[in-house]
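The values are calculated or read from the model by the stated rules, or taken from the named source; none is laboratory data. From a predicted model like this one, the values you see are computed outputs, not experimental measurements. Cβ atoms come from the backbone with ideal geometry, glycine included; neighbour counts cover every protein chain shown.
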Amino acid sequence: MPANLPPEAKAKWLKVMEAKTPEEKLKALEEFLSAVPKHKGTENLVHWARRRMAQLRREIEERKVKERSLRSGGGVNIYVEKEGDAQVVIIGPPSSGKSSLLKCLTNVKIEPDDIPYSSLEPIPGMFIYDNVYFQLVKLPSINTDNPDSDINSLALSMIRNADSAIIVLDAGTDVEVQYESIKKLLRENGIYIVRPRGFVTIERRPTGGIQVVGRLVGGTADDVKKLLVSYGINNALVTINGEASIDDVEESIFKETIYKPSLVIVNKVDLADKGYVDAIVKRLGSEVVVLTASLKNCIIDSSQLGESLLRVMDLIRVYTKEPDSDTYSPKPFVLRRGSTVGDLAKRIHSRFYEGFKYARVWRVDKYPMGVKRVGLNYVLNDGDVVEIRSSL
């Protein structure tokens with residue numbers, strides 16, 4: 001995306017960053033695009049800007065539709081509030097098995113669409129595994145033939161908001177083509193489904209100059225400062241998770257890039273050659289978790305799916321025990337890997353954290369043996385049982 005933009009275009013981009021509403025952003029983007037020189041080096045930037053403008057127009061229209069719907073009490077619901085422990089969107093091409101997956105794993109009564117791209121409304125359902133509640137949301141089909149379609153804009157906004165994604169692919173057609181097409185479309189919209197070598201985030205601040213934290217390759221912190229100042233950004237914290245280049249930093253100025261932990265389900269394996277399926281699972285499995293299924297017959301390993309979702313999202317299950325109780329709660333707290341006893345105490349109630357004295361920790365598979373006494377900074381593991389002793 002870096003395109004050696006002239007000062008006029010960089011100045012107009014500053015107005016895009018300062019815009020607050022979708023309407024303001026759309027107007028600022030139109031002015032920015034008019035100042036971008038059209039040549040080989042700006043092709044990707046121009047394409048991205050036009051796509052972003054189309055998304056903003058869609059957002060503006062969706063908001064109007066939602067407002068009219070609220071006033072009239074009807075209309076299509078295009079938003080799904082998060083429920084449960086994690087929200088996982090189900091995406092894929094038409095007729096890949098998205099509806100069947102939702103039907104197999106939840107109580108939702110749903111049938112596949114007869115006409116591709118005819119369904120616009122996201123449909124939620126709750127998949128419960130080991131007392132962990134995964135809110136599955138079946139999204140409209142991804143249209144890789146028309147990347148800038150309104151239906152894709154809806155899906156992309158939901159994907160960004162979700163905690164994870166399940167990509168359902170059809171083993172009856174070229175699985176690798178389906179996967180690469182969807183991966184490319186998401187990547188062009190700033191969404192990674194394969195963890196990149198690094199993330200760059202730019203947090204603008206009122207004072208303090210420009211600080212760079214992390215590993216920069218092929219450049220220096222001074223290069224980053226000069227780049228940001230040329231865009232009118234004089235105070236910011238640039239955080240590099242992993243490693244990144246100057247080009248990656250410049251790209252992050254234009255669009256927010258996020259990693260969305262995902263897994264792939266190759267469906268309809270009963271209709272495909274076993275050797276082909278095994279080869280695809282091995283090939284895609286080098287960069288993403290891949291499961292197989294025959295969803296028409298509801299043949300899918302739900303336990304494997306549940307464990308895989310927890311793993312790709314880096315989530316752990318932590319069980320709690322009240323003092324003097326003989327057993328622990330069967331419903332775990334679902335926390336990010338690396339969470340501490342202090343994090344758990346805050347989740348339960350602030351008074352447990354403020355009045356914390358100590359905690360006792362067991363392993364589920366060894367309970368009630370092997371207890372140890374720990375403090376607030378003790379890092380929890382999947383399957384820990386925790387009893388918090390507090391003075392409040």
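Annotations
- Residues within the range 237-252 that are surrounded by fewer than 20 Cβ atoms within 10 Å (Cβ to Cβ) and under 10 Å from residue 212 (Cβ atoms), tallied: 2
- Selection status of residue 286, within 30 Å of residue 218 (Cβ to Cβ), part of a helix (DSSP H, G or I) and either in contact with a Ser or Thr (Cβ under 7 Å, 6 or more places away or on another chain) or not charged (D, E, K, R) (or both): no
- Exactly one residue among 234, 241 is modelled with pLDDT of 90 or more and of a type in the set (S, T, N, Q), and that residue is 234.
- Any hit, the range 332-342, residues being part of a strand (DSSP E or B), more than 21 Å from residue 313 (Cα to Cα) and aromatic (Phe, Trp, Tyr): no
- Residue tally, condition buried (at least 21 other Cβ atoms within 10 Å of the Cβ), of a type in the set (A, V, I, L, M, F, W, C) and out of contact with any Phe, Trp or Tyr (no Cβ under 8 Å at 6 or more places or on another chain), over the range 264-282: 4
- If you go through the range 130-179 and keep only what is surrounded by fewer than 22 Cβ atoms within 10 Å (Cβ to Cβ), over 18 Å from the mean Cα position of the chain (by Cα) and within 24 Å of residue 281 (Cα to Cα), you end up with 143, 144, 170, 172, 173, 174, 176, 177.
- Verdict on residue 341 being surrounded by 16 or more Cβ atoms within 10 Å (Cβ to Cβ), in contact with a helix residue (DSSP H, G or I) (Cβ under 7 Å, 6 or more places away or on another chain), over 30 Å from residue 166 (Cα atoms) and modelled with pLDDT of 95 or more: no
- Those strands (runs of 3 or more DSSP E) lying entirely in the range 158-237 with at least 3 residues free of Cβ contacts under 8 Å to residues at least 40 places away in the same chain: 210-216
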